[in-house]
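Below is one structure, written out as structure tokens; comments come after it.
Bear in mind these aren't lab numbers, they're just calculated from the coordinates by the rules spelled out. All of these numbers come straight from a predicted model, not from anything done at the bench. Here the Cβ is made from the backbone with ideal geometry for all residues, glycine too, and neighbour counts use every protein chain on show.
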Amino acid sequence: MAEFDFEQPISMEKMRDYRLDRIDEQMKNDGLDCIITMRVDNVRYLTSFRPNSPNLFYYFRYAAVKAVGDDPWALVASGDYDRAMTYMPWLKQKVKPLPMDPMLSVARFKEVFSELGLTKGAKIGVDEMGFQLFQVFKETFSDYEFVDGRNTFARAKAVKCAEEIYLIKKACAIAEAGTQVAIENLRPGLTEIEVSAMIHNEMVLRGSEGGHTHPTQVNSGENAITLVRFPTERIIRNGDFVLMDVGCCFNGYHSDYCRTVMAGNPLNNEQKKVYTAVYDATMAAIEACKPGALTSDIDKASRDVLRKAGYEKFWYFGVTGHATGICLQEEPIIGEASVNGEKPWIIEPGMVFCIEPSVHLPGVGGVRIEDMVAVTEDGFELLTQTEYENRLLLK
């Protein structure tokens, strides 16, 4: 990020300290002595280490280990070791290369456990690890108690500091810049791939990290009804809904939002009716994002609108939204409590949500309107600003 004499850039050090304090607090609440992660987003949360295209590797190539009150250890692919040692002084040389063979990697963890001075009976949370490696872990480290550490990370990451929200806003601005280029150039005759390329290219030029977010989703016509979820060679036609679900990653933090626009002119009034219902459902859910409310309140606000409009059974899996941060989709998930009977979360200031009700109506089209909001002390702040397709709103 560029620095200017007329603005105060955020403090990355302050953000790193905040994240480590959050995970320490949650580890204490959960009775953990240590936590291990092999999820690249959680490795980054603990260490600020940016992985190198993790999807290219056949196995987990990155890990982080942290004991309560201690600095984290980063275990990285051998090709990333020099970078971590050279450009990441905040790790204080607590970096080790992680062998590609999962069985050999156990030796590295043994070295780290020794450095941390973990004693017999230590309770260690694990959020994600390959089954084969975990079996060897339990045999090799039988003196320790291993438990599920996923909730520890989920709760720690749920409330963001001002620096994290700043980076999310930057990611939103980049995604919106890409979407705006597509909206301005959209016309019947283009393919979904061509529109997706416009968005993707603009985001990369404006600083989006490649390979660490979902592919730019552009679906039109029947592809927006079944929701193919990746762009195809389908040629966009007059009267098609064009659904553009866009996200990017900036300095580790994600945006995820969607606009549905019309190519050419609408074909019938039912298209306007569907669009208006989804718009109203999105606005109702956003208004429900306030401290002290439950995630189920947000879901109900959106669900009630779509039910009244007669579209509830055409709702995409009945999920209203999700949290977003250093991972594209974080807990809490809004709507799953309603569907599966899970306990809802209490909304707190600092939480960031993507609100994304959608309707996919056979013979008419698919519509999703997704916005990002940050919960404040007295309400919410809308983080995405792209205009809606106002000509489709019923007055």
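Using 1/(1 + (r/R0)^6) with R0 = 45 angstrom and r between the beta carbons of Trp90 and Ser142, what's the FRET efficiency to the nearest 0.05?
0.85
Can you sort Thr232, Thr282 so the residue with the fewest Cβ neighbours within 10 Å comes first?
Ranking Thr232, Thr282 by Cβ neighbours within 10 Å, fewest first, gives Thr232, Thr282.
Which of the peptides 380-387, 237-244 is most tightly packed, and how do the rest follow, judged by the mean count of other Cβ atoms within 10 Å per residue?
237-244, 380-387
Please rank Val68, Val159, Val305, fewest neighbouring Cβ atoms within 10 Å first, as an exposure proxy.
Val68, Val159, Val305
Over all directions, what mean area does the Cα convex hull of region 162-392 project, stated in square nanometres?
Averaged projected hull area, Cα only: 11.3 nm².
In nm, to one decimal, how far is the Leu104 label point from the Arg187 one, both placed 7 Å along Cα→Cβ?
5.7 nm
Please order Trp73, Trp345 by the number of other Cβ within 10 Å, starting at the fewest.
In order of increasing Cβ crowding within 10 Å: Trp345, Trp73.
Mind pulling the angle between the C-alpha long axis of helix 269-287 and the longest principal axis of the chain? Nearest 10 degrees, somewhere in 0 to 90.
Once rounded, the angle reads 40 degrees.
Output needed for the chain: three equivalent-ellipsoid semi-axes, defined as square roots of 5 times the C-alpha gyration tensor eigenvalues, in descending order, whole Å.
Three semi-axes, in Å: 40, 23, 20.
Quote to one decimal, in nm, the extra length available between Arg206 and Lys395 on full extension: 0.36 nm per residue of separation minus the C-alpha distance between them.
Values: separation 189, 0.36 × 189 = 68.04 nm, distance 3.66 nm.
Length gained, Arg206 through Lys395: 64.4 nm.
Whole number please: convex hull volume per residue, Cα atoms of region 12-157, in Å³.
Once divided by residue count, the hull of region 12-157 is 100 Å³.
What residues qualify as long-range amide H neighbours of Gly264, i.e. H under 5 Å apart, gap of 5 or more or another chain, H built at 1.01 Å from N?
Gly239
Using the crude model of +1 on Lys and Arg Cβ and -1 on Asp and Glu Cβ, and no other charge, please compute the dipole size for region 162-392 relative to its Cα centre, in debye to 20.
For region 162-392, the charge dipole is close to 740 debye.
Charges on Cβ only, +1 for Lys and Arg, -1 for Asp and Glu, centred on the Cα centroid of the chain; of Phe146, Ile35, Pro349, which one is farthest towards the dipole's positive end?
The listed residue farthest towards the positive side: Phe146.
Under 27 Å from the Cα of Lys92, which lysines turn up, not counting those fewer than eight places away in the same chain?
Candidates past the 8-residue exclusion: Lys14, Lys28, Lys66, Lys110, Lys120, Lys123, Lys157, Lys160.
Quick check on the chain: helices-only [θ] at 222 nm, where DSSP H runs of length 4 and up contribute -39,500 (n - 2.57) each and the sum goes over total residues. Nearest 500, please. Before the final figure, lay out the partial values.
Numbers: 12 runs with 148 residues, N = 395.
Taking each H run of at least 4 residues, the total per residue is -11500 deg cm²/dmol.
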